[in-house]
Amino acid sequence: MLATVGILLAFTVTGCAPEPPADGAPTVAEQEPAAPPSAEAPSDAGGGEPDGDEGAPSGDSDDEGTPDETDPVGADVDDEDPGTGGAGSGDTAGWKAPDDPAAEGPTAAPVLPEVSGRIGDGIALPTEVVVSLSSISTTTLTAETPGEQSGPAVVVEVQVRNESDEPQPVDSATVSLSAGAGEIGVPTWAAPNDPLHGEVPPGATADGTYVFMLDPADDRSVTVRVNYSAGKPVAAFTGMTP
């Protein structure tokens, strides 16, 4: 009985054993390649989301890379106090007058020394130059070119004699005429106007003619001031027109 059972088990095991593969057929190991190792799952329990410090920019990047919308362009420039007179400030609230104006430079044109005399006399100046009015007369002008005016005028002829040892420039000479009550003779370039120019050598003289509109021009009390060179003393002549 036991022998019969053993024979039956032997047959059963033999029938279940797999048949040997045919020649050239791949084995099971060769037919099914091994699966690649799976990627290591993230250890963070946050459902695979990247760490906020590594995968996404931090909130501080807004302060570093993007300007604050509330700050105007150039807000890094220090504001100037308008009262301090900073660069670009038109406010003069911080300005004050200097304690010693003379130490800061001239605040008005210098007053030139003036030597007075009568029309017809020569006036000797401290610079060894003698100025005189060689002639004063009246005329009536007729406008000939644009800008000229017609009317009565005073013609003044000025003579400058150099008694110094150096040439005296007269290119910057100015001559003015005033009448009573503050009336001013208006200079004009109309003929016979021919002002002083160049320089006067030692021992030589130079002449210039100046024309002033003045209405009326006859029999007027006038003062003629001659500054033969800029910054030099002034010769002032008083008298009557013809």
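The values are calculated or read from the model by the stated rules, or taken from the named source; none is laboratory data. Please read these numbers as outputs of a predicted model, since none were measured by experiment. All Cβ positions, glycine included, derive from the backbone under ideal geometry; neighbour counts span all protein chains shown. The protein model used for the area step is the full one, side chains on, heavy atoms only, and it has no ligands, DNA or RNA in it. Shrake-Rupley method; radii C 1.70, N 1.55, O 1.52, S 1.80 Å.
Quick notes on this one:
- Separation in nanometres of the label points that stand 7 Å from Cα toward Cβ, at T142 and M240: 3.0
- Projecting the Cα atoms of S221, V200, G239 onto the charge dipole of the range 195-242, computed from C-beta unit charges around the Cα centre, puts V200 farthest toward the positive end.
- Kirkwood hydrodynamic radius over Cα pairs of the range 131-183, then Stokes diffusion coefficient at 4 °C and 1.567 mPa s, in µm²/s: 92
- Heavy-atom accessible area per residue - the range 92-186, 1.4 Å, Å²: 63
- Whole-percent carbon and sulfur share, accessible surface of the range 116-178, 1.4 Å: 42
- Value of D in µm² per second that Stokes-Einstein yields for the range 104-232, Kirkwood Rh from Cα pairs, at 25 °C (0.890 mPa s): 156
- Of the solvent-accessible surface of the range 190-242, computed with a 1.4 Å probe over protein heavy atoms with every protein chain present, carbon and sulfur atoms account for 51 percent.
- Residues S116 and K96, FRET efficiency given R0 of 45 Å [Cβ-Cβ distance, rounded to 0.05]: 0.65
- Using a simple spin-label model with pseudo-atoms 7 Å out from Cα toward Cβ, E128 and W189 lie 3.6 nm apart.
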